[in-house]
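Since the structure comes first, as structure tokens, the remarks are kept for the end.
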Amino acid sequence: MIKGISIFIPAYNDEKTIGKIILDAISVLDPLKLDYEIIIVDDGSKDTTAEIVKGLAETHKTIKLVQHGDNRDYGAALKTGFATASKEWVFYTDGDGQYDIKEITKLLPYTEEFVFINGYIIKRMDPIYRIFIGKAYQFLIDICFGKTLIYTNCDFRLIKKEIMDRITISSNSGFAPAEIVTKLVRNRAMIKQVSIKHLPRIYGRSSFFKLKKIINVFCDLLRFLIKK
């Protein structure tokens, strides 16, 4: 069993879900007697996300809040999360509540053998158009970089910090997860994939599917291909 773990959660206008995610994480980690920290990267939220985290941090000293002054996009939030993490292992997932953070217990048993343990979704609980776009994007990633994961953008992953420190994340956009996976594979990271649940999004809307952010994803993808 691992000794220390940093959990970080990129959050953007997730006031309806962030509190439950944090408390669920604590409920899982406390009984395991791990040395842990929970880092919330608030990427310029306009709601009360930061205030909720600050309130929980008053009674749970393991909670840290890092705030971006403005919305810098998903990849930038990942950069901040990895840079802030201080423990032996780093786990991250999203703040919108579509993954059950308690399922981290499915990943932990594989840390003896693997340095990169990634969840994959059996059934995606999203509208049809999002499922279609997700499959098209995965097909594009597979064509460009080879088939490495069943679902590259399943942001429910546990990575040993030692190997994460070997790579640099260049992308600020939602292309960053694909960049991370590709670079870890190039560093010969031993990967284990574990099936997890995907939950319907009850609150808010995904910002990933805004036109500007989609354009940013493809611009970062092209820059990555050129550097390849």
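Just to be sure I understand, if you calculate Rg and Dmax of the Cα atoms in Å for this structure, which of (i) 20.4, 66; (ii) 16.5, 48; (iii) 25.6, 78 do you get? For Rg and Dmax of the Cα atoms in Å, the calculated option is (ii).
If a/c stays under 1.5 just call it rounded; otherwise compare a/b with b/c (prolate if a/b is bigger, oblate if not). Do that for the stretch 46-103, with a ≥ b ≥ c from the square roots of the Cα gyration tensor eigenvalues. Since a/c stays below 1.5, the shape of the stretch 46-103 is classed as rounded.
Length gained on full extension, Ile226 to Ile131: 31.4 nm, using 0.36 nm per residue less the C-alpha separation.
Overall shape: oblate for the stretch 147-228, with the ratio a/c of the largest to smallest alpha carbon gyration tensor axis at 1.5 or above and b/c at least equal to a/b. Ranking Thr93, Ala77, Tyr129 by how far each Cα lies toward the positive end of the dipole of the chain (charges on Cβ) leaves Tyr129 at the top. Comparing mean-square fluctuations of Ile133, Ile167, Ile117 from a GNM of the chain with C-alpha springs under 10 Å, the top value falls on Ile133.
Mean separation of Cα pairs under 8 Å and 6+ residues apart, divided by the residue count of the chain: what relative contact order is that in percent?
Numbers: 397 pairs, mean separation 55.6, N = 228.
Reported relative contact order: 24 percent.
Using +1 on the beta carbon of Lys and Arg, -1 on that of Asp and Glu, and nothing else charged, what's the dipole of the stretch 4-227 about the Cα centre, debye to 20?
Details: 33 positive and 27 negative charges, 149 e Å.
Once rounded to the nearest 20, the dipole reads 720 debye.
Taking label positions 7 Å along the Cα-Cβ direction at both Ile163 and Lys147, the computed distance is 2.1 nm, reported to one decimal. Here the contact order of the stretch 8-79, divided by its residue count and restricted to Cα pairs under 8 Å and six or more residues apart, works out to 39 percent. Considering only Ala77, Ala50, Ala25, the Gaussian network model of the chain with Cα springs below 10 Å gives its largest mean-square fluctuation to Ala25.
With helices as the sole contributors, the chain gives -11500 deg cm²/dmol at 222 nm; each DSSP H run of n ≥ 4 counts as -39500 (n - 2.57), and the sum is divided by every residue.
For the stretch 1-75, what ratio Rg/Rh do Cα atoms give with a Kirkwood hydrodynamic radius? All intermediate terms of the calculation are to be shown ahead of the outcome.
On the way: Rg = 12.5 Å, Rh = 12.7 Å.
Radius of gyration relative to Kirkwood radius: 0.98.
Here, each number is a calculation from the coordinates, and none is a lab measurement. Only a predicted model underlies this, so the values are computations on that prediction, with no experimental measurement involved. Positions of Cβ are generated from backbone atoms using ideal geometry, with glycine treated the same way; all protein chains shown enter the neighbour counts.
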